[in-house]
Structures are given as structure tokens and as C-alpha cells.
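Below is one structure, written out as C-alpha cells; the observations come after it.
The values are calculated or read from the model by the stated rules, or taken from the named source; none is laboratory data. All of these numbers come straight from a predicted model, not from anything done at the bench. Here the Cβ positions follow ideal geometry from the backbone for every residue, glycine too, while neighbour counts run over all protein chains shown.
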Amino acid sequence: MHPLDQATALASDSCGGLRGRTSDAYWNFNGPFGGVTAATLMRAVFERADRLGDPCSITVNFTAAIARGAFDVAVRSIRTGRSVQHWYVELRQADVVAANATIVCARRAPTWTHQPAKPPPAPPPHSIELMRHDGPNAFVSQFEFRFVEGSLERLPSFDGRLRSARTSLWLDNAVPRPWDFIGLTTFCDLFFGRIFHVQGTVFPAATVSMTAYFHIDSDGLSALGDGPLLGVADANTFVAGFFDQTAQLWSTDGRLLATTTQIVSYRA
């Protein structure tokens, strides 16, 4: 089993709910990497037999710290229409809601298609040096990062020089894995905090809420096989302890797969 599938696995419990467990392989500063938490909540819906169509959006609120160990997941359908279905999912630990999500699924129909957005220019992924990782956050080792623009500069402390918040890079799993909505959800949170790039150093920051929109269906994802995605991320403002992040994920052939936004708290 791929490490991501192990980390997001859910089993039915005796009360009709779902049970999961955190994975040290995807540990971040003080808890699980948020992308894996989001993917776990996505799996709770994605594996439902009564799911309608494919996911087209997810909003995840990270409401409390998740400790190492087991957690419970509850999922319920809010409404199912002819082509759109709404779900609500909660992750609980010791009666505390540590994360919750709303997920929208839809039965997509073939119709008029137009993509005015264009991917940023980028050389082939394997022509770019792989980012080295020697830090304490285990989850980084589960992925490959090849920066095209705005590589992460790590300095001992902020030197007063502000850098660009924009980055573009090739992202991939360290262990190859075919693309599906579990993996795509994970990658929507795989960009390092914009403030790390701007200030050139790392300090406490945490995603408060993330929304991702998916622009592909399961068949389209399966056709991608495995391999890298091109990501681009930017920020608009840093103010009063919060910054935003906007990002896109592209296939190697220039198809826009997902767009995502999030609000992040920081202490600088």
C-alpha cells in the first residue's frame, strides 16, 4: 500500500462511523500535514457507495490540533439533487472537532469547454534539481519539489529583505502513485507557506481554512497515470497575523486540474 493510502485509510467502527490514525510519515511541525488531513476527509466521501459523480470542490477548516494516534470521522449527506450532491465530514479526537469539511460532488456532463488560463512556462521536471530536505518535518520527504521560480531560501533569521510570494514548481510523490482525488486533494496543500518565501525563513504558521476546486473527473485523472504536476502559488496580502494563498495545479500537457485558496495564520 502506498504511504498516502496508509495515512488516509479509514475503517468502519462498531457504531457505524469511521476510524483512522495519524501517520508519522506525513508529520508536520506539531501535527499531521494538512493536505493529508484534507485527503482523509475526502476519502470518507470518495469511498461512499452512494456518492454521486466526482468531487468538484472541498472546503476544509482546521479547527484544532490533531495529536498522534487514532481519530474518528463522521460523514453525512446533506442533499442530493439530480446532478449535484453536498456532504459534511467531521474529524474528532477526544470529543473535539479537529477538522471539518464540506464536499460537493457532481455528475459532469459533456458540454462546451474553454480554458482561457495558461500554465506558466517551465522546463521539463527532471531537468531541474530536486530540492534537498534535511529538516524535521517528515512529510516533505514523501514528495519531490523542483522549483522553476521562487525557490525556498532558508535563512537563520529575517534579514529585512522582502522576496516575491510567487513560486512555480514541479511537484510529485517520492513513491509513484496513480492520480485520483485523494492525491489531488493532498497536493492542493503542498505549497510551502507564502510568508516563508517572502521573508526567507521558517517560523510558526498554520492553515486555518482551505478550499479547492477540481476541474477534471475520475477518468481524466486516471488517464494521467502518475508523475509530476506543475504548481504555481502566490499571495495577495499579509496583515494582522493572516495571509492568503492562491494556487493552481496543472498536468504536464497543460490542463488545469485544480485551483485552490487558503487563509493562513502566522506569528512573525
*asked:* Residues to consider are Thr252, Thr260, Thr185; find the one that is outside any strand (DSSP E or B), touching a strand residue (DSSP E or B) at 6+ places or on another chain (Cβ under 9 Å) and surrounded by 22 or more Cβ atoms within 10 Å (Cβ to Cβ).
replied: Thr185
*Go through Val60, Val84 for me and flag whichever is at pLDDT 95 or above, β-branched (Val, Ile, Thr) and under 27 Å from Pro136 (Cβ atoms).*
Val60
*Every pair of residues 6+ apart whose Cβ atoms lie under 6 Å, when the first sits in region 66-83 and is in contact (Cβ under 8 Å) with a residue 24 or more places away in the chain and closer than 17 Å to Phe33 by Cα while the second is surrounded by 12 or more Cβ atoms within 10 Å (Cβ to Cβ) and of a type in the set (Val, Ile, Thr)*: Arg68/Thr22
*Leading residue by the ranking (surrounded by the most Cβ atoms within 10 Å (Cβ to Cβ)) among those in region 71-102 that are in a strand (DSSP E or B) and among the basic types (Lys, Arg)*: Arg92
*Collect the residues in region 3-52 that are surrounded by fewer than 20 Cβ atoms within 10 Å (Cβ to Cβ) and in contact with a Cys (Cβ under 8 Å, 6 or more places away or on another chain), keeping them in residue-number order.*
Arg51, Leu52
*Which condition does Phe196 not pass, out of (1) assigned to a loop (DSSP other than H, G, I, E, B); (2) under 27 Å from Ile66 (Cα atoms); (3) without any contact (Cβ under 8 Å) to a residue 60 or more places away in the chain; (4) under 18 Å from the mean Cα position of the chain (by Cα), if it passes all the others?*
(1)
_Anything in region 103-131 that is surrounded by 14 or more Cβ atoms within 10 Å (Cβ to Cβ), of a type in the set (A, V, I, L, M, F, W, C), in contact (Cβ under 8 Å) with a residue 60 or more places away in the chain and out of contact with any Phe, Trp or Tyr (no Cβ under 8 Å at 6 or more places or on another chain)? List them, or say none._
none
